[in-house]
Amino acid sequence: MKKPCLIFLPFLLFAFSASSQNIIRVQTCNNDFIKKEVDSLKSSYSRDGFVLLKEASITMESEYEMPVVVPLSEGSWYQFVFIGDHSSKLYEVRMYDWNERQVVYQKKMWGDVDGNIISYSYIPKFSEFHMMKPVQVNKQKKKNLCGYVMLFKKVSDNASISPQ
């Protein structure tokens with residue numbers, strides 16, 4: 001009788017530990033103003049020879065980082081974009097390499113030109129995963145802030161010229 005209980009006990013412990021974990025789930029949000037900015041940036045980077053690799057609309061909480069992990073290839077030219085909610089007063093993005101060394105840091109304030117958009121180029125020295133951590137601080141400490149992240153990769157040196 002003891003053996004069946006011993007076999008069942010690990011499964012029971014696993015079930016309790018799995019249900020008690022705090023899991024970060026990416027949730028999308030809808031913000032028409034951010035959508036317009038996204039469309040404009042996609043068009044602009046496309047004209048400059050970049051292709052969109054990944055994008056995500058995310059719901060964020062004020063003062064909490066939202067980690068985004070991406071695989072990057074050595075020597076490739078990437079462009080990262082984070083768009084924050086217009087009602088926030090501070091926007092920051094930190095990026096770390098596989099060894100958890102910070103390789104990029106950018107900060108913008110609400111009053112800056114394009115203050116809710118952080119965009120930066122990066123050419124990795126090694127092919128490895130990198131983690132981008134955007135954060136925004138909101139005046140009202142909102143829990144449902146809209147954010148948007150995009151990853152572009154340069155595919156051609158020839159920028160297409162649009163007819164006027």
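The values are calculated or read from the model by the stated rules, or taken from the named source; none is laboratory data. Being a predicted model, the structure only gives us computed values, none of them experimental. FYI the Cβ positions are ideal-geometry reconstructions off the backbone, even for glycines, and counts take in every protein chain you see.
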Residue list for region 108-119, restricted to those being of a type in the set (A, V, I, L, M, F, W, C) and under 16 Å from the mean Cα position of the chain (by Cα): Ile117, Ile118
Strands (runs of 3 or more DSSP E) wholly inside region 34-123 that include at least 1 residues being surrounded by fewer than 15 Cβ atoms within 10 Å (Cβ to Cβ) and among the polar types (S, T, N, Q): 102-109, 117-122
Residue that is nearest to Lys107 (Cα to Cα), among those in region 124-148 that are hydrophobic (A, V, I, L, M, F, W, C) and assigned to a strand (DSSP E or B): Val135
The listed residue being under 16 Å from the mean Cα position of the chain (by Cα), under 17 Å from Val155 (Cβ atoms) and at pLDDT 95 or above, out of Tyr105, Tyr122, Tyr45: Tyr122
Phe129 at pLDDT 95 or above and in contact with a helix residue (DSSP H, G or I) (Cβ under 7 Å, 6 or more places away or on another chain): no
